[in-house]
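The values are calculated or read from the model by the stated rules, or taken from the named source; none is laboratory data. What you are looking at is a predicted structure, and each value in this text was computed from that prediction instead of being measured. FYI the Cβ positions are ideal-geometry reconstructions off the backbone, even for glycines, and counts take in every protein chain you see. Heavy atoms of the whole protein, side chains included, go into the accessibility calculation; ligands, DNA and RNA do not. Shrake-Rupley method; radii C 1.70, N 1.55, O 1.52, S 1.80 Å.
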Amino acid sequence: MPSRKFADGEVVMGRWPGSVLYYEVQVTSYNDVAHLYTVKYKDGTELALKESDIRSQSSFKHRKSQSSSSSPSRRSSSRSRSRSRSPGRPARGRRRSASQSREHKDDKKKTIQETSLALLVLVLFDDCVSSFNQKPNENNTKRYNGEPESTEKNDTSCIILEQKLKPELEIKRVLEQYSLRSRKDDKKKEEIYSEKKTFVAVKPIEKVPTKTKELEFGGRIGTFMLIFLLPATVFYLLLMCKQDDPSLLNFPPLPELESLWEGRVFGVFLLWFFLQAVFYLLPIGKVVEGLPLSNGRKLQYRINGFYAFILTAAAIGVLLYFQFELHYLYDHFIQFAVSAAAFSLALSIYLYIRSLKAPEEELAPGGNSGYFIYDFFTGHELNPRIGNFDLKYFCELRPGLIGWVVINLAMLLAEMKIHNLSVPSLSMILVNSFQLLYVVDALWNEEAILTTMDITHDGFGFMLAFGDLVWVPFVYSLQAFYLVGHPTTITWPVAATITVLNCIGYYIFRSANSQKNNFRRNPADPKLANLKFIPTATGKGLLVTGWWGFVRHPNYLGDIIMALAWSLPCGFNHILPYFYVIYFICLLVHREARDEHQCKQKYGLAWERYCQRVPYRIFPYIY
């Protein structure tokens, strides 16, 4: 295990992330596990830097003094030699020697001046370019609690300095054009310039691929168990809903293995999957760029999920017009779940095999541990693509989310057929309406998913493949599936109360997400002038007003309220319909913990200030 090079409290030169500029920092601590130094800049910003991004002050000062002190020593030695010449030499020789000495001295002085001027222009050009290339939201660091932000830059300094240097640059150009020096002197000058330049221009540091050291989901053992536990949970819930008494203590009998598989059902599932793929490839909808990857590249995504939903609805309408029995989904529901699970497993195997040949910079930050089971579960490759077809982005919204709505519609039709109803029950209408609103909202705001953890951090492995293709359509539709076999009657006042609850949850969910997305897209928007935020070293701001000043994850709070409203129409006879809201609370609390850990590492001191300002995570005054 390598020993640390810099001690706590030592003042060193630290490289600013994303640039080649070094600033004076003080080492505050060292992480032995991650091998990262926590350093503090003069403006109070704290960042975690690698040892390769830190240099001692002596190396910078030594190089600077060496380049500036070489000329005086040479000049003094030249003068001493000219004074100690033999007096027996002719005067003409002395005059020639003196003139040669003066010319030599003047050439040296001119070379040093020109070199210093070139270095100054180089540094000023780098500063101007770096300040010009910053995004608008990086400089929009308004006041926080009345304190001016020290990270703001004034670009007019570059213009003033350019005006001051313009005459000198013009003189330098003329001298170079009409220079009478020999090529040998010019070559020597270029060597001196290049030698000095090596002391100023720092070579860009190449990013070394890092392994995932902090394992989540219980590490290798936990992920191994989840690969079997997740499918078992899905089939247990579906078998319980089939029973007349779906109590927890009434364990359902295991069906025969032959009854769980049917080739025709698997064929229908494949048809559905590839139909959504065709809709995804249609050249409709706008194309947007995602967040920058580790190598700075931005992937392009076509936003046409809502159009795919419209086309799917039209296709379902045609099937119903030709009297296709959609309740076929209800009759073979467990077989469809088995088919989806088998397909997701095969997809996960393919994803892992292809990830073994993926470049290091395309691997997921959280799925590069080197352990087969862990990387297979969490996903080894961040954005697996076949040409322009993004597999993870496609599965995130299309087959599972739209399939969820189709399954709910099939359950509604099955309820009407089994119970001989002319219209669906009020409970079934509420469940279908609430969840339809949720899916349409997700597809309408499809672009917002590009900033979520699933896209930016998690790889595409068994966890997301199974979750998108099996867990979402077959577990999220549990309330509708339950109501087919266990009809529940509710009154209109109760239905109105549940509707109001769902609307409150949806309002919090949508307004919080819109507030966050609009701020990320354009922090300088006049409509957001009333929002206060804490600036960070990354150039992004942490909102401390609006919904994000109420709790740290208001969108999670709205999600949980809606989940409760989806379960209430099923009544209180059994806890099974409430599995979704219980699971969702556990999921969002776990995801919130992951968010907290990543934000603390990313934003440092700014995140601690944000937590002090907004103490509650999801539930106000509770958690």
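Kindly indicate which of 610, 556, 583 is in contact with a strand residue (DSSP E or B) (Cβ under 8 Å, 6 or more places away or on another chain), at negative phi and either in a helix (DSSP H, G or I) or open to solvent by less than 10 Å² (accessible area, probe 1.4 Å) (or both). Walk me through it before giving the result.
Numbers: 556 fails: in contact with a strand residue (DSSP E or B) (Cβ under 8 Å, 6 or more places away or on another chain); 583 fails: in contact with a strand residue (DSSP E or B) (Cβ under 8 Å, 6 or more places away or on another chain).
Selected residue: 610, the only one of 610, 556, 583 that is in contact with a strand residue (DSSP E or B) (Cβ under 8 Å, 6 or more places away or on another chain), at negative phi and either in a helix (DSSP H, G or I) or open to solvent by less than 10 Å² (accessible area, probe 1.4 Å) (or both).
If you take the residues in segment 206-243 that are polar (S, T, N, Q) and either surrounded by fewer than 19 Cβ atoms within 10 Å (Cβ to Cβ) or more than 18 Å from residue 367 (Cβ to Cβ) (or both), which one is modelled with the highest pLDDT? Outline the logic, then answer.
Our first condition is that a residue be polar (S, T, N, Q); within segment 206-243, this holds for 210, 212, 223, 233, 243.
Then keep just the ones that are either surrounded by fewer than 19 Cβ atoms within 10 Å (Cβ to Cβ) or more than 18 Å from residue 367 (Cβ to Cβ) (or both); that gives 210, 233, 243.
Details: 210: 63, 233: 94, 243: 87.
Only one residue fits best here, namely 233.
Specify the residue that is nearest to residue 240 (Cα to Cα); the eligible residues are those in segment 456-485 that are of a type in the set (A, V, I, L, M) and open to solvent by 10 Å² or more (accessible area, probe 1.4 Å).
Taking segment 456-485 first, the residues of a type in the set (A, V, I, L, M) are 463-465, 469-470, 472, 475, 478, 480, 483-484.
Filter again for open to solvent by 10 Å² or more (accessible area, probe 1.4 Å), leaving 463-464, 472.
Working: 463: 24, 464: 25, 472: 18 Å.
The qualifying residue nearest to residue 240 (Cα to Cα) is 472.
Checking the structure you have, find out if any residue of segment 566-576 is closer than 30 Å to residue 482 by Cα and among the aromatic types (Phe, Trp, Tyr).
The answer is yes, given that some residue of segment 566-576 is closer than 30 Å to residue 482 by Cα and among the aromatic types (Phe, Trp, Tyr).
Does residue 316 satisfy the criteria of being open to solvent by 20 Å² or more (accessible area, probe 1.4 Å), under 28 Å from the mean Cα position of the chain (by Cα) and among the β-branched types (Val, Ile, Thr)?
No.
Regarding segment 538-552, can at least one residue be identified that is outside any loop (DSSP other than H, G, I, E, B), among the aromatic types (Phe, Trp, Tyr), under 21 Å from residue 621 (Cα atoms) and open to solvent by 10 Å² or more (accessible area, probe 1.4 Å)?
yes
Before we move on, is residue 571 more than 26 Å from the chain's Cα centre (by Cα), in the same structural domain as residue 503 (by the TED database), open to solvent by less than 20 Å² (accessible area, probe 1.4 Å) and under 30 Å from residue 495 (Cα atoms)? Spell out the reasoning first.
Details: more than 26 Å from the chain's Cα centre (by Cα): yes; in the same structural domain as residue 503 (by the TED database): yes; open to solvent by less than 20 Å² (accessible area, probe 1.4 Å): yes; under 30 Å from residue 495 (Cα atoms): yes.
In short, yes.
Can you name the number of the only condition in (1) under 24 Å from the mean Cα position of the chain (by Cα); (2) closer than 27 Å to residue 438 by Cβ; (3) in contact (Cβ under 8 Å) with a residue 40 or more places away in the chain that residue 590 fails?
(3) is the only condition that residue 590 fails.
Results for (1) assigned to a helix (DSSP H, G or I); (2) among the hydrophobic types (A, V, I, L, M, F, W, C), shown as yes or no for each residue.
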{"site": "308", "(1), (2)": "yes, yes"}
{"site": "315", "(1), (2)": "yes, yes"}
{"site": "343", "(1), (2)": "yes, yes"}
{"site": "370", "(1), (2)": "no, no"}
{"site": "393", "(1), (2)": "yes, no"}
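Go through (1) open to solvent by 10 Å² or more (accessible area, probe 1.4 Å); (2) farther than 26 Å from residue 236 by Cβ and name the single condition residue 425 misses.
It is condition (2) that residue 425 fails.
Residue by residue, here is whether (1) farther than 27 Å from residue 509 by Cβ; (2) touching a residue at least 40 places away in the same chain (Cβ under 8 Å) holds:
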site	(1), (2)
339	yes, yes
378	no, yes
387	yes, no
398	no, yes
404	no, yes
407	no, yes
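What is the number of the single condition among (1) surrounded by 21 or more Cβ atoms within 10 Å (Cβ to Cβ); (2) part of a helix (DSSP H, G or I); (3) small (Gly, Ala, Ser); (4) under 30 Å from the mean Cα position of the chain (by Cα) that residue 337 does not meet?
(4)
In the set 69, 73, 84, 78, which member is touching a helix residue (DSSP H, G or I) at 6+ places or on another chain (Cβ under 9 Å) and modelled with pLDDT under 75? Quick ask: steps written out before the conclusion?
On the way: 69 fails: touching a helix residue (DSSP H, G or I) at 6+ places or on another chain (Cβ under 9 Å); 73 fails: touching a helix residue (DSSP H, G or I) at 6+ places or on another chain (Cβ under 9 Å); 84 fails: touching a helix residue (DSSP H, G or I) at 6+ places or on another chain (Cβ under 9 Å).
Answer to the check: 78.
Quick one: in segment 435-464, which of the residues that are more than 18 Å from residue 590 (Cα to Cα) and under 9 Å from the mean Cα position of the chain (by Cα) is modelled with the lowest pLDDT?
Top of the filtered list is 451.
When you scan segment 265-287, do you find a residue that is closer than 29 Å to residue 386 by Cβ, among the β-branched types (Val, Ile, Thr) and part of a loop (DSSP other than H, G, I, E, B), even just one? It would help to see each step written out before you state the result.
Step one: list which residues in segment 265-287 are closer than 29 Å to residue 386 by Cβ, which gives 265-287.
After this cut, where a residue has to be among the β-branched types (Val, Ile, Thr) as well, the list is 265, 268, 278, 284, 287.
From what is left, the residues that are part of a loop (DSSP other than H, G, I, E, B) are 284.
Yes, some residue in segment 265-287 is closer than 29 Å to residue 386 by Cβ, among the β-branched types (Val, Ile, Thr) and part of a loop (DSSP other than H, G, I, E, B).
Condition first: surrounded by 13 or more Cβ atoms within 10 Å (Cβ to Cβ) and either of a type in the set (Ser, Thr, Tyr) or in a helix (DSSP H, G or I) (or both). Now tell me which residues in segment 351-368 satisfy that. Don't jump to the end; show me each part of the working.
Taking segment 351-368 and keeping what is surrounded by 13 or more Cβ atoms within 10 Å (Cβ to Cβ), we get 351-352, 354-355, 358, 361-368.
Answer for segment 351-368, where residues must be surrounded by 13 or more Cβ atoms within 10 Å (Cβ to Cβ) and either of a type in the set (Ser, Thr, Tyr) or in a helix (DSSP H, G or I) (or both): 351, 352, 354, 355, 361, 362.
Residue-by-condition table, conditions (1) of a type outside the set (S, T, N, Q); (2) more than 30 Å from residue 306 (Cα to Cα); (3) at pLDDT below 95:
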position	(1), (2), (3)
364	yes, no, yes
368	no, yes, yes
385	yes, no, yes
419	yes, yes, yes
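Taking the stated definitions as given, is residue 585 under 30 Å from residue 249 (Cα atoms) and under 24 Å from the mean Cα position of the chain (by Cα)? Don't jump to the end; show me each part of the working.
Values: under 30 Å from residue 249 (Cα atoms): yes; under 24 Å from the mean Cα position of the chain (by Cα): yes.
Criteria met by residue 585.
Answer yes if at least one residue in segment 571-580 is in a loop (DSSP other than H, G, I, E, B), at positive phi and at pLDDT below 85, and no otherwise. It would help to see each step written out before you state the result.
Narrowing segment 571-580 to residues in a loop (DSSP other than H, G, I, E, B): 571-575.
Remaining after also requiring at positive phi: 571.
Okay, now just the ones that are also at pLDDT below 85, so none.
No, segment 571-580 contains no residue that is in a loop (DSSP other than H, G, I, E, B), at positive phi and at pLDDT below 85.
Anything in segment 319-332 that is open to solvent by 50 Å² or more (accessible area, probe 1.4 Å) and not aromatic (Phe, Trp, Tyr)? List them, or say none. Explain how you work it out, then say what you get.
So the first thing to find is which residues in segment 319-332 are open to solvent by 50 Å² or more (accessible area, probe 1.4 Å), and the list is 319-325, 331.
Selection gives 319, 320, 323, 325, 331.
Can you tell me which residue is nearest to residue 577 (Cα to Cα) among those in segment 247-304 that are modelled with pLDDT of 90 or more, among the small types (Gly, Ala, Ser) and open to solvent by less than 40 Å² (accessible area, probe 1.4 Å)?
Only one residue fits best here, namely 267.
Has segment 440-463 got at least one residue that is in contact with a His (Cβ under 9 Å, 6 or more places away or on another chain), in contact (Cβ under 8 Å) with a residue 60 or more places away in the chain, in a helix (DSSP H, G or I) and assigned by the TED database to the domain that holds residue 354? Spell out how you get there, then give the answer.
Here is the first cut: in segment 440-463, the residues in contact with a His (Cβ under 9 Å, 6 or more places away or on another chain) are 459-461.
Now drop any that are not in contact (Cβ under 8 Å) with a residue 60 or more places away in the chain, which leaves 459-461.
Narrowing further to those that are in a helix (DSSP H, G or I): none.
There is no residue in segment 440-463 that is in contact with a His (Cβ under 9 Å, 6 or more places away or on another chain), in contact (Cβ under 8 Å) with a residue 60 or more places away in the chain, in a helix (DSSP H, G or I) and assigned by the TED database to the domain that holds residue 354.
Would you pick out the residues in segment 17-29 that are open to solvent by less than 40 Å² (accessible area, probe 1.4 Å) and over 23 Å from the mean Cα position of the chain (by Cα)? It would help to see each step written out before you state the result.
First pass over segment 17-29, keeping only residues open to solvent by less than 40 Å² (accessible area, probe 1.4 Å): 19, 22, 25, 27.
22, 25, 27, listed by residue number.
Please report, ordered by residue number, the helices (runs of 4 or more DSSP H) entirely within segment 465-523 with at least 2 residues that are hydroxyl-bearing (Ser, Thr, Tyr) and modelled with pLDDT of 95 or more. Explain how you work it out, then say what you get.
On the way: elements: 472-475, 478-485, 492-521.
Passing ranges, in order: 492-521.
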